Amino acid sequence: MKITVDIAQQQMILLDEAGRDIRRYLISSAQKGTGQERGSYCTPLGKHIIRAKIGQGVPVNTVFIRRRPTGEIYTPELAANHLRRDWILTRILWLSGCEPGFNRLGSVDTMRRYIYIHGSPDSARMGEPGSIGCIRMHNHDLLDLFEHVSVGTPVEIYAGQTT
């Protein structure tokens, strides 16, 4: 399996071993665009791998903070009480860059920037940028993806071209 993320199209494609397109998902990347630097709140480009799969077996809408379940389940009422939270829900695919000096090591290290593919509230808009660096997905799509990938799965994030 391999994942490609087209930032311009706000789309993720899951490819099989032969490179055939087997799934497509709408995503939401960073509102501030693409970039590698720590503190930029941008989505990093380039070749990555899934470093860790987090959340196997927890309920849909489980809230995570620092990759740990908080014991909360997301609801609109919970959101109303925590207006500034960046909601990371259901599952986490933690990414690690593969290109030293570009998205690995130093101030451009994707893993140390805590860049994930993660679930988001059903109300979160997909198909347009809106995150603070990570790649957001709707929970049902993330659950499907989570079952098809493993630690070490390649993930390529590219700027793409607008049409």
ask   = What ³J(HN,Hα) values, in whole Hz, does the Karplus curve 6.51 cos²θ - 1.76 cosθ + 1.60 give for the stretch 99-113 when θ = phi - 60°, with x put for Gly and Pro?
value = 10, x, x, 10, 9, 9, 6, x, 7, 10, 6, 4, 5, 6, 7
Choice from His118, His48, His148 with maximal GNM fluctuation in the chain (Cα, 10 Å cutoff) = His148
Placed amide H near Ser131: partners under 5 Å, 5+ positions off or other chain = Ser29, Ala30, Gln31
key: Backbone HN-Hα couplings from phi across the stretch 18-30 [Karplus 6.51/-1.76/1.60, Hz, Gly and Pro as x]   = 8, x, 7, 5, 10, 8, 10, 9, 7, 10, 9, 9, 5
request  = May I ask for the equivalent-ellipsoid semi-axes of the stretch 63-140, computed as the square root of five times each C-alpha gyration tensor eigenvalue and listed largest first in whole Å?
outcome  = 26, 13, 11
inquiry  = Mean-square fluctuation check for the chain, GNM, Cα pairs under 10 Å: which of Leu45, Leu15, Leu143 is largest?
reply    = Leu15
remark   = Between the Cα axis of helix 139-148 and the main Cα principal axis of the chain, the angle (0 to 90°, nearest 10) is 50 degrees
ask   = Using the Kirkwood formula over every pair of different C-alpha atoms, what hydrodynamic radius in Å results for the stretch 1-72?
value = 14.6 Å
Overall Cα dimensions of the chain - principal axes, largest extent first, Å = 41, 33, 32
ask   = Amide H of Arg104: which non-local residues (sequence gap of 5 or more, or other chain) have their own amide H closer than 5 Å, using H built in the peptide plane?
value = Glu99, Thr110
note = If one builds a Gaussian network model of the chain from Cα atoms under 10 Å apart, the most fluctuating residue listed among Ile73, Ile49, Ile132 is Ile73
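Is there a quick way to get the dipole size of the chain? I mean about its Cα centre, with the Cβ of Lys and Arg at +1 and of Asp and Glu at -1; what is the value in debye to the nearest 20?
Once rounded to the nearest 20, the dipole reads 520 debye.
All of the numbers you see were taken from the coordinates with simple rules; none came from a lab. Since the structure is predicted, the reported quantities are computational estimates derived from the model, not experimental observations. Every residue, glycine among them, receives a Cβ derived from its backbone with ideal geometry; neighbour counts consider all protein chains shown.
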